[in-house]
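Undergrad: Input: one structure, supplied below.
The values are calculated or read from the model by the stated rules, or taken from the named source; none is laboratory data. Keep in mind it's a predicted model, so treat the numbers as computed, not measured. Reconstructed Cβ throughout: ideal geometry from the backbone, glycine too, with neighbour counts over all protein chains shown.
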Amino acid sequence: MAQANVQPRQNFSCFRCKFVIKGGYSSLTKHFRHDHAMKTCSKSKASLVCGQNGCKESFDNFSDFNYHLRFCKLFAKGSLPPQPIPVQPVQNPVSVNTEGDLDNSSQVCDLMGSSQSVELKDFFAKLMLDLKAKHNVHHAALDYLSLKLREGLNGFQTLECEGNIFERESTLATVIESFTQLGSQQKRTGYFKTNFNFIEPEELFVDRSTGTVMRNGRIMYRDVNNTFQYIFLRRTLTALFSNDAFRRLYFSEAPSSDGFIRSDRDSNFIKLHPLFSNFPNAIRIQLYYDDVETVNALGSKTKKHELGMFLFRILNLPNVENSKLANIFPIAICTSIQIKKHGFDFIFSRIMDEVKELESEDGMLLHIPGFTNGLLVRGSIAAVCADSKAAHELGGFLSPSANKFCRLCLIDRKDIKNCNCFDQLNMRNRNNYEDAVKESSDCIEKSRGTGILKGCLLNLSKYFHVAENFILDATHDFLEGVVPFMIKLLLRYLISLPQTAISAALLNRRIELFHYAFNDLANKPSPKFTTKGLKKREII
């Protein structure tokens, strides 16, 4: 007879917040990390206290803490003490962990008991989908997991579950068959599309280029099809509106009743918009574009693997929902090299085909389960967000270093010092934008005087125009532009005052004493504040 195993302890009381954590020790450490921002490594700076029904024994590391919790005689309220579980003698011992086998067997038995509501295959499919989506597990790892689980389950002869013996052909065959049908990326993708409403991106053609390949020690030339990934807007909207929770959130939007602006719906832009003001439930789409480094940013071949990400979110949802990553949806993914070579037209043309249907009088008809005649939706682009450089590129403007550097007004760089009021600016609009595009198309040299190089296909929208897209990038324009400049002016003003105790020498001394991380890594000197060109007691 083998020795009796001990069932793992369940339900622990947190010594900090006195909250009872349901589950095992891993649930307790997860609570420490997420709710108390504690590092749950072997060493802990904070003292660890047992806390189970008044137990005040303290520990310096999590190893001793975990060992004590396993045998502490004071249990948290609602928890059960460890109970011995008899283990049946093993006739043919194998080189596996007996305790782990019992845990796996009990989990499989629980699955078999709940198979009336959720099929076993759906459980394994959702498990793999969670591993892929939430934990970034590669498809090769999922293939390996499926293979090894099939091999391990094939080695079991019988399965004990609640005193009943299920033969291998009746129970384990179902489990093994589930892993067999989910054993490759193609099989999993097909199952996700059929059962979980998974939206697979379409690979669309861009152009053809010449590449090289090594065969038999010789360099051979071959044609390479350059493509990009596109997720159709209709399919995404169909999947979203098929979800009851999404529809409740979408149609629950209401304007502010106390005069405060709590969302874009309360703004004058929406109140005066020709579509959104007449159709309050119309879809307000916010597009977003940015480049993403998929490899080490410090490498020598980063641009080759850089991707341009086109995303969107639906502004009709509450702000607390729109702040979640799950409610930001991709619509197109392309390499930055193709965008630099061809521009944005090959992507925007696909997007505008679907946006035009949304903006039409008939709208876009979505085939939603439960709706006999389908669901008719209307909408348009409400805003386009990007950083300063990307916003100029997708709008057809010249770079911010040009004379006509602003995409919101027509100010020239040499006149910026003489203009300090918004009323003095000549703002861009649809008319002067189209005139500038026409001038630039006739003569490229005229683009220097207009600040516009070419047009943008997003302007084909009935309601959206890039010249009226007053969305600025707070990080680049303010935190990296306006705010540092204002701080410099403020420090210069304070140093110039005779009654203040601030001087350039004192400021530089404080900067030298400040601990910069890059100083330790690169051994670079700290930045210096200089009063070059500053006259004595000069006031700005």
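Undergrad: Return yes or no: is Arg247 in a loop (DSSP other than H, G, I, E, B) and of a type in the set (D, E, K, R)?
TA: no
Undergrad: Sticking with this structure for a sec: Answer with yes or no whether Lys324 is basic (Lys, Arg) and over 28 Å from Leu375 (Cα atoms).
TA: Considered against the rule, which asks whether it is basic (Lys, Arg) and over 28 Å from Leu375 (Cα atoms), Lys324 comes out as no.
Undergrad: Considering (1) under 33 Å from the mean Cα position of the chain (by Cα); (2) modelled with pLDDT under 80; (3) of a type in the set (A, V, I, L, M, F, W, C), say which one Ile21 fails and leave the rest.
TA: Here Ile21 meets the rest and fails (2).
Undergrad: Can you say whether Ile333 is of a type in the set (Val, Ile, Thr), within 30 Å of Arg448 (Cα to Cα) and either surrounded by fewer than 18 Cβ atoms within 10 Å (Cβ to Cβ) or not assigned by TED's automatic domain parsing to the domain that holds Pro274 (or both), as far as the supplied structure shows?
TA: Considered against the rule, which asks whether it is of a type in the set (Val, Ile, Thr), within 30 Å of Arg448 (Cα to Cα) and either surrounded by fewer than 18 Cβ atoms within 10 Å (Cβ to Cβ) or not assigned by TED's automatic domain parsing to the domain that holds Pro274 (or both), Ile333 comes out as no.
Undergrad: Now a separate question. Considering (1) of a type in the set (Phe, Trp, Tyr); (2) over 28 Å from the mean Cα position of the chain (by Cα); (3) in a loop (DSSP other than H, G, I, E, B), say which one Tyr221 fails and leave the rest.
TA: (3)
Undergrad: Please go through the stretch 459-471 and give me each residue that is closer than 14 Å to Glu357 by Cα and among the aliphatic types (A, V, I, L, M), ordered by number.
TA: Leu460
Undergrad: Take the residues in the stretch 289-324 that are farther than 18 Å from Leu394 by Cβ and in contact with an Asp or Glu (Cβ under 8 Å, 6 or more places away or on another chain), then tell me which one is surrounded by the fewest Cβ atoms within 10 Å (Cβ to Cβ).
TA: Thr294
Undergrad: Could you pull out the residue among Tyr433, Tyr463 that is of a type in the set (Phe, Trp, Tyr), in a helix (DSSP H, G or I) and not assigned by TED's automatic domain parsing to the domain that holds Gln286?
TA: Tyr433
Undergrad: Continuing with the same structure: Based on this model, can you work out whether Leu311 counts as hydrophobic (A, V, I, L, M, F, W, C) and either in contact with a helix residue (DSSP H, G or I) (Cβ under 7 Å, 6 or more places away or on another chain) or free of Cβ contacts under 8 Å to residues at least 40 places away in the same chain (or both)?
TA: Yes: the conditions hold for Leu311.
Undergrad: A further question on this structure: Considering every residue within the stretch 379-398, establish whether at least one is in a helix (DSSP H, G or I), touching a helix residue (DSSP H, G or I) at 6+ places or on another chain (Cβ under 8 Å), exposed (fewer than 14 other Cβ atoms within 10 Å of the Cβ) and of a type in the set (S, T, N, Q).
TA: no
Undergrad: In the stretch 199-218, which residues are in a strand (DSSP E or B), touching a strand residue (DSSP E or B) at 6+ places or on another chain (Cβ under 6 Å) and of a type outside the set (A, V, I, L, M)?
TA: Passing the criteria: Glu202, Glu203, Phe205, Asp207, Arg208, Ser209, Thr210, Gly211, Thr212.
Undergrad: Out of the residues in the stretch 446-496 that are exposed (fewer than 15 other Cβ atoms within 10 Å of the Cβ), among the basic types (Lys, Arg) and over 21 Å from Phe405 (Cα atoms), state the one that is farthest from the chain's Cα centre (by Cα).
TA: Among those residues, the one meeting the criterion is Lys488.
Undergrad: May I pose another question? Sort through Phe260, Phe276, Phe310, Phe348 and tell me the only one that's within 21 Å of Tyr463 (Cα to Cα) and part of a loop (DSSP other than H, G, I, E, B).
TA: Step by step, each of Phe260, Phe276, Phe310, Phe348 is checked, and only Phe276 is within 21 Å of Tyr463 (Cα to Cα) and part of a loop (DSSP other than H, G, I, E, B).
Undergrad: For the stretch 341-378, name all the residues that are crowded, with 17+ Cβ neighbours inside 10 Å and aliphatic (A, V, I, L, M).
TA: Residues satisfying the conditions are Ile347, Ile351, Met352, Val355, Leu358, Met364, Leu366, Ile368, Leu375, Val377.
Undergrad: For the list (1) modelled with pLDDT of 90 or more; (2) loosely packed, with under 15 Cβ neighbours inside 10 Å, I need the number of the one condition that Asp258 fails.
TA: Condition (1) is where Asp258 drops out.
Undergrad: Any chance the stretch 404-420 includes a residue that's in contact (Cβ under 8 Å) with a residue 40 or more places away in the chain and either part of a helix (DSSP H, G or I) or assigned by TED's automatic domain parsing to the domain that holds Ser360 (or both)?
TA: no
Undergrad: Just one of the numbered conditions (1) part of a loop (DSSP other than H, G, I, E, B); (2) touching a residue at least 12 places away in the same chain (Cβ under 8 Å) is not true of Arg284; which one?
TA: Unmet condition: (1).
Undergrad: Which of (1) more than 24 Å from Tyr289 (Cα to Cα); (2) in the same structural domain as Phe279 (by TED's automatic domain parsing); (3) of a type outside the set (A, V, I, L, M, F, W, C) is the odd one out, the single condition Glu445 does not satisfy?
TA: Among (1) more than 24 Å from Tyr289 (Cα to Cα); (2) in the same structural domain as Phe279 (by TED's automatic domain parsing); (3) of a type outside the set (A, V, I, L, M, F, W, C), the lone unmet condition for Glu445 is (2).
Yes/no matrix, rows are residues, columns are (1) on the phi > 0 side of the Ramachandran plot; (2) at pLDDT below 95:
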residue	(1), (2)
Gly343	yes, yes
Phe348	no, no
Met352	no, no
Gly370	yes, yes
Leu375	no, yes
Ile381	no, no
Cys385	no, yes
Lys389	no, yes
Glu393	no, yes
